[in-house]
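Everything on this sheet refers to the single structure shown next.
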Amino acid sequence: MLTQAPKGTQDMLPKDAHRWQTIESNMRRICALAGYREIRTPVFEHTELFQRGVGETTDVVQKEMYTFNDKGNRSITLKPEGTAGAVRALVESHLYADIQPVKLYYVSCPCFRYEKPQSGRLRQFHQNGVEVFGAKDASVDAEIIDLAMKLLNANGIEGLRLNINSIGCPNCRKAYHEKLRAYLEPKLPTLCQTCRDRFERNPLRTLDCKEDADKLTDAPAMLDNLCGECADHFEKLRKYLDGMGISYNVDPRIVRGLDYYTKTVFEIITDTPNGELTVCGGGRYDGLVEELGGPSTPGIGFGMGIERMIMVQDLFGVAPQAPALYDVFVVTMGDAARMEGIKLVAELRAAGVRADIDHAARSMKAQFKYANKTGAKKVVVIAEDELARGVVKLRDMEQSAETEVPRADIVGIVTKDH
Ligand code: ATP
Ligand code: MG
């Protein structure tokens, strides 16, 4: 128990730190290019936020939330996704009063869902994501899709499939729900209990049921029943994507697992040797800000699973190489030389060179061996003789070449080829 992490959780180990950091820095860099700014919201929120935001009839709210009462007897939930918290912050801090659109991104946001742990499905996972508030035009839908594709490409993930759909707005959905109910009614006895419950409250959800969706492949599609405004929005999105050279597939069966979506929904999928894997999901949520107590403000966003990206990098062999731990390792012999070595390490680090010295009383031979193991490209050697003459030896580990240089010049020489 004590030495085993809870089911569905994963440690991020130092050997993989560079991978997370690269994914995070790509996110920051690419989002900043498009005027997005970072937001960080709490790991937990009032349970009601997700019940209202994500939707009572979703799997997330019905089955997957980590909900508990705190010591003050408030119902608290660990966030299952990033959008509801961002909307709450937007409303609470009146971010919508700033120039619009308000473009936000978040990095490595921890998300918690009590799901059955399996490959690619964790109970704590992390998402990078964006949210844009105050922009109605389909150009923003295209912009975030483009961002998502660029982010995945920047992380070495190619061969992506983009599926888009429109699930309409409350206006067109009403009439569509009636159509869908008429289609579902005769099938009700063959559907699972959850679908039967959803039949009344939110029939669109039945199309996202893990058990029954396959029985409903000939159900009427929302896409064929859009109102003029929604149809026009979808048409524009397609035009923008075409214009930007982003290929896509229209999949009228995408519903998405969260209820707040309106109009555009999309998924980005990779085909791996183990089957398809959704790495990114998103869509528009024009009613959510108002639903959560703010002024009517359109919104759109996506969430991208970081562990999924890492999995896909592994499956395709495109994981970035771990950088060497040090640029320079300082090898010394004798107490006085060691003291000089410690001073040199501090000077190197101050000059921006990653450097270290032995901390385990190793012999000179073992210090070299260790230096090699760390991947250091250069070794500086200081023994009594060098110390006395005011020089050090600089060894290039790749070319096994050694030169003697004045102690006073070594930092300059190392930083010059650095
Ligand atoms: P899925 O169809 O895989 O269940 P979802 O529709 O529930 O995904 P979203 O809520 O849109 O996913 O979350 C966005 C992204 O977060 C997903 O595309 C995926 O990369 C990642 N993700 C979602 N749930 C998990 C999980 N349990 N473990 C790891 N990553 C996840
Ligand atoms: Mg899911």
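The table below gives the values:
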quantity: Net +/- balance of residues flanking VAL289 in space, Cβ distance below 15 Å, scoring K and R +1, D and E -1; calculated: -1
quantity: Rg to Rh, two decimals, where the range 270-418 supplies the alpha carbon set and Rh follows Kirkwood; calculated: 1.32
quantity: Solvent-accessible area per residue, Å², over the chain with all protein chains present [probe radius 1.4 Å]; calculated: 49 Å²
quantity: Approximate shape of the range 71-183 as ellipsoid semi-axes (Cα gyration tensor, √5λ), whole Å, largest first; calculated: 24, 23, 22
quantity: Net charge over other residues, Cβ less than 13 angstrom from the Cβ of GLY390 (K, R count +1; D, E count -1); calculated: -3
quantity: Computed [θ] at 222 nm, deg cm²/dmol, the chain (DSSP H ≥ 4; -39,500 (n - 2.57); rounded to nearest 500); calculated: -10500 deg cm²/dmol
quantity: Furthest towards positive pole of dipole, CYS227, THR270, LEU288, structure part the range 226-309, Cβ charges; calculated: THR270
quantity: Solvent-accessible area of ARG338 with every protein chain in place, 1.4 Å probe, in Å² to the nearest 10; calculated: 80 Å²
quantity: Part-to-part distance (alpha-carbon centres) for the range 239-264 and the range 377-418, which is given in Å; calculated: 59 Å
quantity: Cβ charges +1 (Lys, Arg) and -1 (Asp, Glu), total dipole of the range 130-219, debye; calculated: 360 debye
quantity: Low-density loop cleavage sites - GluC sites (Glu not before Pro) in the range 360-416, where at most 13 other Cβ are within 10 Å (DSSP); calculated: GLU398
quantity: Using alpha-carbon coordinates, inclination of helix 170-184 to the longest axis of the chain, degrees; calculated: 70 degrees
quantity: The range 1-62 and the range 317-351: distance between their alpha carbon centers, rounded to Å; calculated: 35 Å
quantity: Listed residues ALA148, LEU162, LEU204: farthest to the positive end of the dipole of the range 138-269 (Cβ charges); calculated: LEU204
quantity: Cα-Cα pairs of the range 1-157 separated by more than 21 Å (percent); calculated: 55 percent
quantity: Largest-first principal axis extents of the Cα set of the range 8-90 (Å); calculated: 39, 32, 27
quantity: Accessible surface of the range 176-320 [probe 1.4 Å, protein heavy atoms]: carbon and sulfur percent; calculated: 47 percent
quantity: Heavy-atom accessible area order for ARG121, ARG113, largest first, 1.4 Å probe; calculated: ARG121, ARG113
quantity: Cα-centred dipole magnitude for the range 344-418, charges only on beta-carbon of K, R (+1) and D, E (-1), debye, nearest 20; calculated: 300 debye
quantity: Reduced Cα scattering model of the chain, Debye log10 I(q)/I(0), q = 0.14 Å⁻¹; calculated: -1.22
quantity: Qualifying aspartates and glutamates (Cα of each under 13 Å from Cα of LYS103; at least 8 residues distant if same chain); calculated: GLU38, GLU131, ASP141, GLU143
quantity: Distance-filtered residues of the range 303-321 - backbone nitrogen under 19 Å, label point 7 angstrom along GLU158 Cα→Cβ; calculated: 309-321
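The values are calculated or read from the model by the stated rules, or taken from the named source; none is laboratory data. Just so you know, these numbers come straight off a predicted model, no measurement behind them. So basically every Cβ, Gly included, is an ideal-geometry build from the backbone, and we count neighbours across all protein chains shown. Just the protein is used for accessible areas: all its heavy atoms, side chains included, with ligands, DNA and RNA removed. Shrake-Rupley method; radii C 1.70, N 1.55, O 1.52, S 1.80 Å.
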